[in-house]
1. Just checking, does segment 83-99 include any residue being out of contact with any strand residue (DSSP E or B) (no Cβ under 8 Å at 6 or more places or on another chain), assigned to a strand (DSSP E or B), at pLDDT 85 or above and under 19 Å from residue 72 (Cα atoms)?
2. Quick test for you: out of 374, 364, 427, pick the one residue that is within 25 Å of residue 508 (Cα to Cα), assigned to a helix (DSSP H, G or I), within 22 Å of the chain's Cα centre (by Cα) and touching a residue at least 40 places away in the same chain (Cβ under 8 Å).
3. In segment 464-497, which residues are in contact with a strand residue (DSSP E or B) (Cβ under 9 Å, 6 or more places away or on another chain) and either surrounded by 14 or more Cβ atoms within 10 Å (Cβ to Cβ) or outside the structural domain of residue 416 (by TED's automatic domain parsing) (or both)?
4. Take the residues in segment 28-62 that are in a helix (DSSP H, G or I) and in contact with a strand residue (DSSP E or B) (Cβ under 9 Å, 6 or more places away or on another chain); name whichever of them is surrounded by the fewest Cβ atoms within 10 Å (Cβ to Cβ).
5. Looking at the structure I just gave you, is residue 360 closer than 13 Å to residue 424 by Cβ, at pLDDT 95 or above and surrounded by 19 or more Cβ atoms within 10 Å (Cβ to Cβ)?
6. Given the residues 500, 461, which is the only one that is within 26 Å of residue 425 (Cα to Cα) and in contact with a strand residue (DSSP E or B) (Cβ under 6 Å, 6 or more places away or on another chain)?
7. If we only count helices (runs of 4 or more DSSP H) wholly inside segment 459-526, which ones have 2 or more residues that are closer than 20 Å to residue 406 by Cα, without any contact (Cβ under 8 Å) to a residue 60 or more places away in the chain and in contact with a helix residue (DSSP H, G or I) (Cβ under 7 Å, 6 or more places away or on another chain)?
8. Report whether or not residue 171 is at negative phi, surrounded by 22 or more Cβ atoms within 10 Å (Cβ to Cβ) and at pLDDT 95 or above.
């Protein structure tokens, strides 16, 4: 039997977690379960890295005379809590359900208000080439470690000995900041290709510490493996992993790694058209797929735009003081990253085409929420409006913005005029527009500093123009019902008239209600 390397944690276990572990050991002893309990995976990895983790998964090694499942142990925990007069806790059991990609039975129960997941040690055997669902059987600690995705996630913390146990090269790889598969990467990733996407997510999740995928992983990714990703991993799972990547603090690092692995071209940037109605259910049969990056010159240009914005604009989303800085905990980061990822492929495309194609990518292809699709669609339409109206940076300077520039920006802001649009939408669109349309030299050189200076200077100039950027949030002195009394208008004409009033107020921010009424009665033409 392979003996593990053993080390102590670098610092004491958090008091709250030590309390949980002591309770689990008491349950194990006082209820004569006699199992060996270990924390597995992310908690061990993060603890060794000095990071905080609430993700506590307990791997149960049964005694030879009795198999202890995760559900059995969790119910013993709940029963023991009740016997001690503690708050009654519900045991949540996730049964094996291949249709929902749940191929492992786990049980969760709260201990001192922290959810703890329990699962018996297991060995996975993949018997079908078209499925990532394994046949599962009880296993030894070594077998359980070897079936995991990456060595840094195959570490155990033994609650009895209070030692970290490493049956692979996890400790060494933690020190070297490498994500490596415990077994042959081609076999590991072919068995469950979702692991490849998870690896990219870990690169972003641990980005501050400089983690990278091992070279052996890059070498093994070929057309055959990429086809397995498409075949075995559901679009829902692809979308969930992408959302986690793009919502994190190092989203640009994830995009770069996805590109290096060819996952962007083959898996992410895919429009999926369904045979049912245009916006049909997710189970509808696929009519056709369109790989955006392989669409001739347009595909190459779109991919180049994506990668350039990822290198140059995306870092500004995390930069303190930047006009496009986004809060680390804000959902706006996800929207911003989807926007810069899509923009190059839909730049200059008609609105009707954008609606159909972007829906096929975001909702059908990546299973993103419709609300995210709508916001990104509005942002791309805003960009195309600025482009169509010929907005020029030469028309924007400190304290001076030409009327033509104001009108172009007003029309762009109208595209974003929706309560669900993120507050930072215009700044992000404007920044991308400036860099792609007017400062491609900064994009080509990956000049983050220069890009930040140009974007901040121009946005500051717009902020200094009274009534411009708040043109649609500023209340109008006249309401629709008042307008109808002042000017003979049919109901369908009221909306356009109110929009014209907003434009007038934007150009004349000091205008009074009387000024506006006079302007309306004059025909609203000057």
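The values are calculated or read from the model by the stated rules, or taken from the named source; none is laboratory data. Small disclaimer: the values here were computed from a predicted structure and weren't measured. Cβ sites come from the backbone with ideal geometry, for glycine too, and all protein chains shown count toward neighbours.
1. Residues of segment 83-99 out of contact with any strand residue (DSSP E or B) (no Cβ under 8 Å at 6 or more places or on another chain): 83-88, 97-99.
After this cut, where a residue has to be assigned to a strand (DSSP E or B) as well, the list is 97.
Those still in the list that are at pLDDT 85 or above too: none.
No, every residue in segment 83-99 fails to be out of contact with any strand residue (DSSP E or B) (no Cβ under 8 Å at 6 or more places or on another chain), assigned to a strand (DSSP E or B), at pLDDT 85 or above and under 19 Å from residue 72 (Cα atoms).
2. Numbers: 374 fails: within 25 Å of residue 508 (Cα to Cα); 364 fails: within 25 Å of residue 508 (Cα to Cα).
From the options 374, 364, 427, the qualifying one is 427.
3. At the first step, the residues of segment 464-497 found to be in contact with a strand residue (DSSP E or B) (Cβ under 9 Å, 6 or more places away or on another chain) are 464-465, 468.
Correct list: 465, 468.
4. So the first thing to find is which residues in segment 28-62 are in a helix (DSSP H, G or I), and the list is 28-30, 42-48.
Checking which are in contact with a strand residue (DSSP E or B) (Cβ under 9 Å, 6 or more places away or on another chain) leaves us with 28, 42-45, 47-48.
On the way: 28: 22, 42: 19, 43: 21, 44: 26, 45: 24, 47: 21, 48: 21.
Ranking the qualifying residues of segment 28-62, first place goes to 42.
5. Working: closer than 13 Å to residue 424 by Cβ: no; at pLDDT 95 or above: yes; surrounded by 19 or more Cβ atoms within 10 Å (Cβ to Cβ): yes.
Criteria not met by residue 360.
6. Details: 500 fails: in contact with a strand residue (DSSP E or B) (Cβ under 6 Å, 6 or more places away or on another chain).
None of the other options fit; the residue is 461.
7. Details: elements: 480-486, 491-507, 513-521.
Where helices (runs of 4 or more DSSP H) fall fully within segment 459-526 and carry at least 2 residues being closer than 20 Å to residue 406 by Cα, without any contact (Cβ under 8 Å) to a residue 60 or more places away in the chain and in contact with a helix residue (DSSP H, G or I) (Cβ under 7 Å, 6 or more places away or on another chain), they are 491-507, 513-521.
8. Working: at negative phi: yes; surrounded by 22 or more Cβ atoms within 10 Å (Cβ to Cβ): no; at pLDDT 95 or above: yes.
Criteria not met by residue 171.
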